[in-house]
Each structure stands twice: as structure tokens, then as C-alpha cells.
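Below is one structure, written out as C-alpha cells; the observations come after it.
No value in this document is a laboratory result; all are computed from the given coordinates. Model, not experiment: these values are computed from the prediction. Because the Cβ atoms are built from the backbone with ideal geometry, glycine has one as well, and the counts that use them run over all protein chains shown.
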Amino acid sequence: MQSWGAILCVIACALAGHEASAQTAAMPMARIQISPAQQVMFGAAQKVLQRDYAGALALYNQAVAMDGTNVQAYLQRGVVKREMHDEAGAQADAAAAIRLCNAALARDPQNAQLYHDRALGFRLLKDFAHAREDMQRALQLPGAQPGWKTDLRAIDLEEKFNG
């Protein structure tokens, strides 16, 4: 089963501008610039990988304060809150991420990333039926990422073992 820690690792790599693979790790990287908000998100993901959840929470709080429309900040903060046994906080952040995705989907109903992100919010709420539905929709749209098939399998496994 794909762990939330693995998801955060992939996000940290994406925010850093590269894919998480041994092949790309050996390749020289072009110099990239990331925004202050992305730097905060990257720092938070690093804290999660170090299992410094209090430090990660502080940085995700900062990311939300910098941009209250940052769906990833809400999702990842929700994951951290769940790791810290703050189920109500995790659910509140998942619900906020879903609301943001709903508003964005009203403007852009063919956006695969938004369906994917909303699926992660539903997964965090343990609403596996809606999570599966959104992930399947995301996979059918242009812009779908191959790794999302793994996310779909993770939803099924999480429902089986933790539902």
C-alpha cells in the first residue's frame, strides 16, 4: 500500500523540479527557481521525511497562510495532522481541499489534476467511493499521470485494510 510518507516524498521531489527516480537522480539538474510558497512546501515535506511532524505542521500552516487556495498545503497538512492523531484537524483540512477543488472544477471541469487532488481529499476523509470515482475520472482526462494508477490501487487497499 502506498503510504502518505511516500506521497509526500514524491511531492517534495516534484516541488524541487525533478522526478523521484534513480535514473533522473544521476542526471545533472538544470538550475530551477521555485517560489517562496514552494520552498515552504518543500521544507515541510523534508520535515515529514524526518518524522518531524510538529515542524512540518508549522511549515504547512505557513504555506496555508501564504496562499489560502493551496490545495496541496491543505492535503499535506491534513496528512500530518492524521499522523499526529488529530483526526478532526485532518478531516477539516481534507474538507477545505475538497471545497477548493470543487470551486476550481466549476471553472475548469476537465482538469485532471483537480480530480486527482479531490480524490486525495476524499481518501483522507475515508470516503473511498468518492475517492475512487474522482481518481478514475482523473485517469480518463488529458493530463493524467501514470502514477495515479498507483494512487487508485492505494485507495482500494486502504479501504480494504482500514475502511
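When only DSSP loop residues count, what trypsin sites (Lys or Arg not before Pro) in the stretch 30-65 have their Cβ near at most 12 other Cβ atoms within 10 Å?
Working: sites: Arg31, Lys47, Arg51; in loops: Arg31, Arg51.
Of the trypsin sites (Lys or Arg not before Pro), the ones in loops of the stretch 30-65 whose Cβ has at most 12 other Cβ atoms within 10 Å are Arg31, Arg51.
Which order results if Phe161, Phe42 are arranged by neighbouring Cβ count within 10 Å, fewest first?
Details: Phe161 8, Phe42 20.
Exposure proxy ranking, most exposed first: Phe161, Phe42.
Could you list Thr150, Thr69 so that the one with the fewest beta carbons within 10 Å of its beta carbon is first and the one with the most is last? Display every interim value, and only then the final one.
Details: Thr150 14, Thr69 11.
Placing the least packed residue first, the sequence is Thr69, Thr150.
Stretch Gln136-His85 to full length: gain in nm at 0.36 nm per residue minus the Cα-Cα span?
15.4 nm
Based only on the alpha carbon positions, what is the Kirkwood hydrodynamic radius of the stretch 35-163, in angstrom? Could the numbers behind the result be given before it?
Details: mean 1/r = 0.0676 Å⁻¹.
Value: 14.8 Å, from the Cα pair sum.
Would you kindly work out the equivalent ellipsoid of the stretch 44-96 from its C-alpha gyration tensor and give its semi-axes, the square roots of five times the eigenvalues, largest first in whole Å? Working shown, then result.
Details: eigenvalues 48, 38, 11 Å².
With the √(5λ) rule applied to the stretch 44-96, the semi-axes are 16, 14, 7 Å.
What lysines sit close enough to Lys81 to cross-link, taking a C-alpha to C-alpha distance under 20 Å and skipping anything fewer than 8 places away on the same chain?
Lys47, Lys126
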